């Protein structure tokens, strides 16, 4: 906690978020000053470096390592597996010291973030406020995560986020105890990763000549070219920065649909015997391009080269291959596609998509990695791009993944509701729950004056009531396959970092608590108590420079403004009501 002038007793537990497993205030104060030391035990060095950098910048206190003499006050960081899992921690603050003990280095870091919250919102600034005095309430906290996958997906294809913005988001995720960053690197509208053996992917595929302004129903266009990409060294820096914060980066290369940027750079990878009428450039519109990859040997070898380079950059276990929203129109009109399906012994061109994904599922497994994809990868013959999940065998959903030919280690992001996740878990595949009806953060946050009226209304409280574990799986053997959940931010209307902040926050705060804390069932969650803690958390976001949506609605400058000379509407909500749940 902080004060200016006369010191008063601080609030005992000022809005901790995510809520810890157990916390008790003991009624005292630990005062921090220039003599306070930061003492890191074995295994706690990385967490100490980050905590010292953050707190020294905000407080101006040196927080030096301990010397020969016993310090009057200390912050001590320790690793002790007896605490629990590697992300579990305890935080005990007495009038003389604050001791964070983690089951592993990650747990120590999580405890450090809780300690920082206890210091108050000025602890999130990059320079000390004059006259501030620093204290911690004496507490006993025991904490740990509910789920091992606590993720956030950022789409950098539709609108590119420069590297410094990505690094900033990693800091924000770490501050909220999230541990997976899913980076959507390619789509119809742009290719964002340097592949040295395929230079045209970024020379041509990283730029589009214009963009639709607003969502897909908008009649307006922004004629400014848009583009950008990350070099391999940029991505290595991002991966290392994330790893220092115990965040795993999961790259996504979307195939065989959502591939117009790829085909614009290498037209021979497309369905060349069928005209599509969309032109040869990177797609300028939103939605789903009809242009798809031709799953021939040349395309297979091309993407094996792409993924070989990608595996050198991203050391994590999972590689996301998309596999979603792949129209079959070109394949159905293509004699070459029909011949390819016959060559592979498939029943028809509808099976080209699952064959293509299954090939890379096995290819990755042979290299010690695991495929993860959107829930369409379970379908042996997808009916409609973006439609509801339909298992390959409606009478036996657990047979779905077997029918799709996936490696046993493949995992699924269940985005079209819960059905895909249920089928995958029952078939023995790991699942990350991210149903669009609950955790798509590009969706509007209220009726009325939201900047872009996209899809369903999903309020802060709606996200707080999201439950990653389907009741059908709770307490069953299949339930162990639910790794956790992630919130997804697609960026058709998210043109810059300010808009990303507005869409993500404060809803990402609610999501962080849902995947970290052990909460009651959704109908029993105390939204009023959560709001009271958020009242303490908003000043932290302010200090971090996060331009979140205020509880009372957008600031005037956060409302959508048409570029000069443009008139019209920016889009409309999707038709229909969202599924319950």
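The values are calculated or read from the model by the stated rules, or taken from the named source; none is laboratory data. None of the values given here were measured: they were computed from a predicted structure. FYI the Cβ positions are ideal-geometry reconstructions off the backbone, even for glycines, and counts take in every protein chain you see.
Of all positions in segment 4-13, none carries a residue that is crowded, with 16+ Cβ neighbours inside 10 Å, in contact with a strand residue (DSSP E or B) (Cβ under 9 Å, 6 or more places away or on another chain) and at pLDDT 90 or above.
Restricting segment 118-134 to residues that are in contact with a strand residue (DSSP E or B) (Cβ under 7 Å, 6 or more places away or on another chain) and farther than 16 Å from residue 16 by Cβ, the residue that is surrounded by the fewest Cβ atoms within 10 Å (Cβ to Cβ) is 131.
Scanning segment 279-300 for residues that are outside any helix (DSSP H, G or I), closer than 16 Å to residue 331 by Cβ and in contact with a helix residue (DSSP H, G or I) (Cβ under 7 Å, 6 or more places away or on another chain) turns up 289, 290, 291, 292, 293, 294, 295, 296. One residue stands out among those in segment 181-193 that are in contact with a strand residue (DSSP E or B) (Cβ under 7 Å, 6 or more places away or on another chain) and in a loop (DSSP other than H, G, I, E, B): the one that is nearest to residue 286 (Cα to Cα), which is 189. The residues of segment 470-491 that are under 20 Å from the mean Cα position of the chain (by Cα) and either without any contact (Cβ under 8 Å) to a residue 24 or more places away in the chain or closer than 14 Å to residue 436 by Cβ (or both), listed by number, are 485, 486, 487, 488, 489, 490.
In segment 372-459, counting only helices (runs of 4 or more DSSP H) that sit wholly within it, the ones holding 2 or more residues that are at pLDDT below 85 span 400-404. Residue 196 meets each of the listed conditions (1) part of a loop (DSSP other than H, G, I, E, B); (2) under 30 Å from residue 26 (Cα atoms) apart from (2). Put simply, of 303, 307 the only residue that is within 26 Å of residue 209 (Cα to Cα), assigned to a helix (DSSP H, G or I), modelled with pLDDT of 95 or more and in contact with a helix residue (DSSP H, G or I) (Cβ under 8 Å, 6 or more places away or on another chain) is 303. When we screen 456, 418, 440 for residues that are buried (at least 24 other Cβ atoms within 10 Å of the Cβ) and over 24 Å from residue 350 (Cβ atoms), the only hit is 418.
Considering the conditions (1) in a helix (DSSP H, G or I); (2) within 15 Å of the chain's Cα centre (by Cα), residue 462 is excluded by exactly one of them, (2). Of the residues making up segment 522-532, none is in contact with a strand residue (DSSP E or B) (Cβ under 7 Å, 6 or more places away or on another chain), more than 17 Å from residue 20 (Cα to Cα) and assigned by TED's automatic domain parsing to the domain that holds residue 156. Residue selection: residue 297 fails the criterion of being touching a residue at least 12 places away in the same chain (Cβ under 8 Å) and in the same structural domain as residue 242 (by TED's automatic domain parsing).
Candidates in segment 128-157 are the residues that are under 27 Å from the mean Cα position of the chain (by Cα) and not in a strand (DSSP E or B); of these, the one that is farthest from residue 116 (Cα to Cα) is 157. Residue selection: residue 359 satisfies the criterion of being surrounded by fewer than 22 Cβ atoms within 10 Å (Cβ to Cβ), more than 23 Å from the chain's Cα centre (by Cα) and at pLDDT 95 or above.
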